1. If you take the residues of region 94-146 that are under 24 Å from the mean Cα position of the chain (by Cα) and over 23 Å from V161 (Cα atoms), which of them is surrounded by the fewest Cβ atoms within 10 Å (Cβ to Cβ)?
2. Looking at region 171-193, can you tell me whether even one residue there is among the aliphatic types (A, V, I, L, M), farther than 27 Å from H108 by Cα and open to solvent by 70 Å² or more (accessible area, probe 1.4 Å)?
3. Give the number of residues within region 208-239 that are exposed (fewer than 13 other Cβ atoms within 10 Å of the Cβ) and of a type outside the set (D, E, K, R).
4. Under 27 Å from A372 (Cα atoms) and among the basic types (K, R): which single residue out of K312, K280, K263, K342 fits that description?
5. Within region 152-160, identify whether any single residue is among the small types (G, A, S), under 21 Å from Y188 (Cα atoms) and either surrounded by fewer than 17 Cβ atoms within 10 Å (Cβ to Cβ) or out of contact with any Gly (no Cβ under 8 Å at 6 or more places or on another chain) (or both), and answer yes or no.
6. Within the set of pairs 6 or more residues apart or between chains, which connect a residue that is touching a residue at least 12 places away in the same chain (Cβ under 8 Å) inside region 145-170 to a residue that is open to solvent by 70 Å² or more (accessible area, probe 1.4 Å) and part of a helix (DSSP H, G or I) with Cβ atoms less than 6 Å apart?
7. Just one of (1) open to solvent by less than 60 Å² (accessible area, probe 1.4 Å); (2) part of a helix (DSSP H, G or I); (3) under 28 Å from K393 (Cα atoms) trips up H323, so point out which.
8. D91 passes all but one of (1) surrounded by fewer than 22 Cβ atoms within 10 Å (Cβ to Cβ); (2) assigned to a helix (DSSP H, G or I); which number fails?
Amino acid sequence: MAAAAILLRHGRRARAHGAPISRALSTSAGDTQPDVLSVSDATRRIRREHDPDRAVSILEAIDSTSISAASTRHALSLAARRLSRSRRFADADALLSSHLPASTTEPHLAAILCSYASANLPEKALDAFRSTAPSLPTPISPLPFNALLSAFLRCRRHARVSVLFSELSKEFSITPNATSYGILAKAYCMTRDDVKAKQALDQMREQGISPTTSIYTTLIDSMYKQKKIEEAEQLWKEMVEGGCKPDVATYNVKAMNYGLHGKPEEVLEVMREMEAAGVKPDTITYNFLMTSYCRNGKLEDAKVLYHSLAEKGCSANAATYKHMLAALCAHGDFDAGLGIAKESLKRHKVPDFKTMKGLVQGLAKGGRVAEAKKIIVEVKQRFPENLLSGWKKLEKELGLDSDSRDTQSKGTSGETVAESKSVAADA
C-alpha cells in the first residue's frame, strides 16, 4: 500500500544512516492494534499518536468498506500533519498523492486538498487540483475550488488567494459561491486590506449572492482586531439590517474584543445579549471571560469559571488550558497550574512549549523538582524526537537532565538523590 511504501522508504533511509529498519516499521511488529480499524477508531488513535510512522500505519489499517470523503478527511489530515511536523514533507506529499487516483468525486478531492493544508503544502494542493479537476464531471462546483482556496488561507499564503480566485474560476469555468467570497474577504482581512475586503461584499451582491453572517463576522473580527470599533459596530448594524442574524461566532468576536481590551462586565453583557437572542455561549465565549478575569486581577473568578464549565454544558479546549495555565503561572499559582497541566495531558490537549515551560520553571525553582521532571517526561513521551530540542535544552538549564543529575548526586543531600530515584521510577 502507498503508506506502507513510505514506511519502507523511510526504513531504507534510516538503514542507510545506521538506524535499524525496525524503528520505521515499529507499528507492524509487536503492536497490539487490530488488523482493521473503523475510521472513528483510527482517527482517535492518530490524534493521540505523534510518531509519524505509527500514525501512517494506523491510517493504513482503516477498513476500506468504511472509507468516504467526510469520514477519512480527519484521519488523513492528521497523518499528513504528523509527517510534516517531522519535516518529512516529501513523505507527506507521497501519502496524499497516493490518494488522488481514487478522487473521482468532488468531495473526495476537496477532502485531500484540505489535507494538503494540514501538511502545510499549499502549492502541492494546487498541483493536485490542476491535475485532477479536468477529470471531474462538468461543470465543476465551488466545493474543490473552495477547499483549495482554504488551503492557501490556512497556510497563510493570503496574497495568493485573490490571484487564484480570479485565475481558477476563469480557467475551469467555476462560479464562486458565498463561501468562495467569504474566503476571499478573509484573505484580504488578513493582509489588512479593508477596502478590498468590503469590495468582496459588493462583488457578491453584483453576482446576486446575499452576504452571509459568516462574511460579516470575518469583517467585524478584522475591525475589532485593528481597534476600529466604530467601523465594527457599523458593520454589525449593516448585518442585522440586511437580515443576517448574529450567531455564536459573531458574538464571540465581540466577546473577544472586550475580553482582550475591556472588563469582565462587558463580556458578561455580551453574554446577556447572546442569551436574549437565543444564542448559547460556548467554550470560546467562556475562554474570553476567563481571559478578562485574569487580565483584571480576578484570578479566583477565572478559576471558579474554569471548574464550572461542565455545569454550563461546555468542556475546556486547548486554548482554555493554554491561557489559564499561562495566567496561573504568571501569578505564581503553580499548584493550580499543575492541576490544569495534568488535565490537559489527560485529555491530549497539551499547551505549547512556551506555556508549559513557565510551569516547569516555576516548579523547579520552587524546589518541586520531581513534579517538574515528571511533567517533562510525560510531554516528551507524546512527541517525536525531532520536536524535543526545546525540552532537552530546558532540562539542561534547570539541571534536570541525566548528566546534571549524575553530577549533582555526588555532592548533594540524600533527599535530592531520593527525589531523582523517585522521578526515574515515575518515568
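1. Filtering first and then ranking leaves A94.
2. Yes, because at least one residue in region 171-193 is among the aliphatic types (A, V, I, L, M), farther than 27 Å from H108 by Cα and open to solvent by 70 Å² or more (accessible area, probe 1.4 Å).
3. 3
4. K342
5. The answer is yes; a qualifying residue exists.
6. N146/T179; F152/R160; H158/M190
7. (1)
8. Here D91 clears every test but (1).
The values are calculated or read from the model by the stated rules, or taken from the named source; none is laboratory data. Nothing here was measured: the structure is a model prediction, and the numbers come from that model. So basically every Cβ, Gly included, is an ideal-geometry build from the backbone, and we count neighbours across all protein chains shown. The area values use the complete protein model at the heavy-atom level, side chains included, leaving out ligands, DNA and RNA. Shrake-Rupley method; radii C 1.70, N 1.55, O 1.52, S 1.80 Å.
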